[in-house]
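Quick note: the coordinates plus some simple rules give every number you see, no bench work behind them. This is a predicted model, so every value here is computed, not measured. Here the Cβ positions follow ideal geometry from the backbone for every residue, glycine too, while neighbour counts run over all protein chains shown.
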Amino acid sequence: MSTNDILERARERGNGLPYAGAVTPREAHELIRSNPTVRLIDVRTDAERDWVGRVAIAEAQHGAVQWSTYPGGVPNPEFIEQLAAVAGKDDVLLFLCRSGVRSRHAARLATENGFANSFDILEGFEGDKDGEGHRKSVGGWCKAGLPWVGA
C-alpha cells in the first residue's frame, strides 16, 4: 500500500475529527518506513519512554514532546513551542502515546496551531489493558510486533 493510500484511508477514518485522521500502528510504521519526511511524535512522558520503552526508528523521524509532565501529570504549557522545534507545519505528524488518548489531544492541538497533517496513532504504544490489567497484549505498537526497545 502506498503512502497516499494509507493517508487517504487515515483521512477517511478521521472524517469529523478535529485533526487530519488516524492510522493503525502498522500503517504508521509503513508510512515511516517508506517516507523519510514522516515524523512520529511520542507524547508520552520522559519517564514512560525511559521505563517502558520507545519506538526503534531513525532518530531523524522521531520526536519526543511530552503532552503532560511527570511527576504530577501537569499539561505541558510549552507543547506547541517544543513541537515546532522538532517538526515543520507541513510535515506529516503521527502522534503516539500509551493507549491512544493523549495522542488524540495532541493531534487536535497541533492542528489548531497550524500543523494540518496531524494524525493519531490508534491503540498507542502499549494498547489497552487486558483482563488481568496488563498492557502490550491487546493492541498497540508493541503488540503489532513493530520495532521497539525496552527500558
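Here the chain was treated as a single set of alpha-carbon atoms; its pair distances binned every 5 Å from 0 give 2, 10, 20, 25, 22, 14, 6, 1, 0 percent.
Farthest toward the positive end of the dipole of the chain, out of Leu109, His134, Ser99, is the Cα of His134, where the dipole comes from beta carbon charges about the Cα centre. When Glu112, Glu27 are sorted by how many other C-beta atoms sit within 10 angstrom of their C-beta, beginning with the fewest, the order is Glu112, Glu27. Placing +1 on the Cβ of every Lys and Arg and -1 on the Cβ of every Asp and Glu, with nothing else charged, gives the chain a dipole about its Cα centre of roughly 200 debye.
Our note on the geometry: Cα centres of region 32-68 and region 72-132, 10 Å apart. For the chain, the relative contact order is 26 percent, taking Cα pairs closer than 8 Å that sit 6 or more residues apart in sequence and dividing their mean separation by the residue count.
Sorting Arg11, Arg39 from the fewest to the most surrounding beta carbons within 10 angstrom yields Arg11, Arg39. Counted by neighbouring Cβ atoms within 10 Å, the residues Phe115, Phe125, Phe79 run from fewest to most as Phe79, Phe115, Phe125.
Close amide-amide hydrogen proximity is noted between Ala64 and Asp42, each under 5 Å apart and 5 or more residues distant or on a separate chain (H modeled in the peptide plane; Pro and chain starts excluded).
For Thr69, the amide hydrogen comes within under 5 Å of the amide hydrogens of Val74, Asn76, counting only partners 5 or more places away or on other chains and with H modelled in the peptide plane.
Calculated on the alpha-carbon coordinates, the convex hull of region 1-43 measures out at 76 cubic angstrom per residue.
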